[in-house]
Amino acid sequence: DPSGTFVQLRLSLVQTACGKRAPRPQNCRTLENRRKPVCVACYKFDHGDVPKVLDKYHNCGPSHHMAVKEIKQRDEAECRAVEEAGKATDALYLPGMYAFSMGLPA
């Protein structure tokens, strides 16, 4: 994409028996029947030498929530919007995007 690089991540997390403050052992036991949130993150970077974030979206929603389908649809729509960042110069006008001043008649 000439406007930049788009990255989308989807992570499934699980709770473990390891404490937050304890040193991180490699063999933490997962807890059954606990929260398993699904996280979505979308980023759009420009093509500079030091890439800048043009737009981003991230959300971690519970997988057991009754509105999972609606959350997934919203995540997809938000990620599409992030992917479009920087593509069109004729994008929608946003209030405050332009400022005009009027001089006194000569």
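The values are calculated or read from the model by the stated rules, or taken from the named source; none is laboratory data. Since the structure is predicted, the reported quantities are computational estimates derived from the model, not experimental observations. Heavy atoms of the whole protein, side chains included, go into the accessibility calculation; ligands, DNA and RNA do not. Shrake-Rupley method; radii C 1.70, N 1.55, O 1.52, S 1.80 Å.
For region 3-87, what is the accessible area per residue in Å², given a 1.4 Å probe and the full set of protein chains?
78 Å²
Of the heavy-atom accessible surface of region 3-87 (probe 1.4 angstrom), what whole percent is carbon and sulfur? Intermediate results must be reported in sequence, preceding the final value.
Values: 3450 of 6620 Å².
The nonpolar share, carbon plus sulfur, comes to 52 percent.
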